[in-house]
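A short worksheet on the structure shown next.
Throughout, read-outs are computed from the coordinates displayed, never taken from laboratory work. Please read these numbers as outputs of a predicted model, since none were measured by experiment. Cβ placement follows ideal geometry from the backbone for every residue including glycine, while neighbour counts extend to all protein chains displayed.
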Amino acid sequence: MMITSVRLARGVRLRRETFGAIAYVSERDHFYALDHAHVDALRKGGTPEMAAAGICESDLPQRAFYGRSQFGSFPEGLPAVSLPLVVNCFATADCPLRCTYCHADDLMTGYRDRDDPSWPDEVIRVARATPAMVGVVTGGEPLSRPDNAERLIRALTRDKAVVLDTSGMGDLGRLTPVLRECGVHVRISLDSSDRDVNDRLRPINRRYLPLGASSHRSAWEALHLARAESLSCSAQTVVTAQNGSYAQLLALRDDLVAAGVRTWTLHVVVAAGKAAHRPRGLLTGDDAVQTLVRVVDDTAAAALPIDIRVTSTHRAPNSTLLISARGELAVQRGDGTGKDVLPVSRFAARSGVMRHFRRRIDQAGHASRYLNGTLDLSVRV
Ligand code: SF4
């Protein structure tokens with residue numbers, strides 16, 4: 001149930017949970033878990049810390065939280081949530097890139113040549129039946145089919161906060177009016193400050209793009225456009241053995257801070273999709289999370305103005321809810337052997353979605369993915 005009787009900051013969604021509530025701050029693309037005491041405090045106007053996190057209305061300035069995602073006491077660790085936090089919705093199975101680790105590769109191959117105009121309606125139907133707080137418009141590359149992306153954004157925004165997940169490869173400017181109108185957060189993929197490293201991890205597909213096109217350049221153009229248009233935006237990075245050293249991550253972080261980007265999401269590469277074949281030199285070692293903790297600590301020590309969020313799909317591959325370009329639910333199997341693709345019937349669609357969510361999604365992993373469980377940052381502020 002949504003809580004409506006508090007003065008939330010613009011673009012914030014709040015959902016009641018048995019442990020208190022979950023708040024989602026769209027501007028920062030960040031979830032927070034609140035215990036009952038903090039929900040009560042919010043009813044009375046909130047605390048300075050919640051204002052600084054962007055949850056409640058205040059004249060106080062916001063500040064970076066370096067991964068903090070909990071307000072209050074959670075003695076048993078990160079709480080499980082009753083309903084999905086996020087559903088990822090494919091606008092298309094097309095993509096002009098060939099990322100070496102593409103998690104969605106198995107939901108693109110076999111779909112991209114059979115694109116059907118009725119598919120977006122199915123994606124919308126299943127997304128509307130999914131009681132998530134946030135709908136991510138993704139793919140494939142949504143900018144490959146801006147018409148589909150716009151339809152999804154307009155439909156999802158009726159009951160969800162919306163994120164556009166993009167490489168920037170395409171005409172982001174065409175979507176700017178609807179992104180602004182619907183308060184969409186734009187999350188742009190960028191893997192390295194070094195163009196060569198980035199473009200090796202995220203090469204172009206010559207079927208779609210001319211020689212010389214660069215995913216590094218398109219990501220930066222999209223970030224600059226989003227900032228110039230005052231859209232909420234952030235960067236996301238897939239951490240692999242090729243871009244995940246401490247020095248490489250600090251260099252990228254410093255570029256983002258200098259460009260005014262205030263949220264950075266990091267995903268440790270998962271052995272799923274294309275990376276399931278474990279290409280040599282791609283997967284990280286056991287020390288990847290330690291490196292990320294050092295990056296967060298360094299950022300906090302320097303009080304740099306950037307939130308860092310680390311997902312945890314590498315620990316629980318079956319923690320993400322996807323809707324394919326054809327409108328099926330898709331869930332990665334826990335053992336990393338591929339995705340289960342599940343049609344959702346028109347009859348009792350919501351119960352069907354929730355049955356799959358409860359049976360197939362790692363509930364703790366789902367909450368941990370979006371609440372920074374990887375870093376166990378409950379002691380950091
Ligand atoms: S941009 Fe996304 S969908 Fe396209 S190849 Fe890269 S990871 Fe896959």
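Between ALA259 and ASP115, what is 0.36 nm times their sequence separation minus the Cα-Cα distance? Round to one decimal in nm. Write out the running numbers ahead of the final one.
On the way: separation 144, 0.36 × 144 = 51.84 nm, distance 3.71 nm.
Contour length minus Cα-Cα distance gives 48.1 nm.
How long is the gain from GLU76 to SER345 if the chain were fully straight, where each residue apart is worth 0.36 nm and the alpha carbon distance is subtracted?
93.1 nm
Rounded to the nearest angstrom and ordered from largest down, what semi-axes does the equivalent ellipsoid of the chain get from its C-alpha gyration tensor (root of 5λ)? Don't skip to the answer; put the middle values down first.
Details: eigenvalues 161, 126, 86 Å².
Semi-axis lengths for the chain are 28, 25, 21 Å.
Within straight cross-link reach of LYS339, meaning Cα distance under 22 Å, which lysines are found once same-chain residues fewer than 8 apart are removed?
Correct list for LYS339: LYS274.
Test of understanding: what is the full-extension gain from ALA302 to ALA251, defined as 0.36 nm times their sequence separation minus their Cα-Cα distance?
Full extension from ALA302 to ALA251 adds 16.9 nm.
Counting pairs of alpha carbon atoms under 8 Å apart in space and at least six apart in sequence, what relative contact order in percent does region 12-71 give?
27
How big, in percent, is the set of alpha carbon pairs in region 150-233 lying more than 18 Å apart? It would help to have the intermediate numbers written out before the result.
Values: 1565 of 3486 pairs.
When every Cα pair of region 150-233 is considered, 45 percent fall beyond 18 Å.
Would you give the gap between the C-alpha center of region 133-161 and the C-alpha center of region 77-132, rounded to a whole Å?
Centre-to-centre distance over Cα atoms comes out at 10 Å.
In whole percent, what relative contact order does the chain give with Cα contacts below 8 Å and a gap of six or more residues?
Details: 819 pairs, mean separation 76.2, N = 381.
Value for the chain: 20 percent.
Fewest Cβ neighbours within 10 Å first, please rank ARG333, ARG13 accordingly.
Starting with the residue having the fewest Cβ neighbours, the order is ARG333, ARG13.
Taking Rh as the Kirkwood radius computed over C-alpha pairs, what is the Stokes-Einstein D of region 137-286 at 37 °C in a medium of viscosity 0.692 mPa s, expressed in µm² per second?
Answer, rounded: 204 µm²/s.
Viscosity 1.306 mPa s, temperature 10 °C: what is the translational diffusion coefficient of region 12-71 from Stokes-Einstein with a Kirkwood Rh over Cα pairs, rounded to a whole number of µm²/s?
For these conditions, the coefficient is 140 µm²/s.
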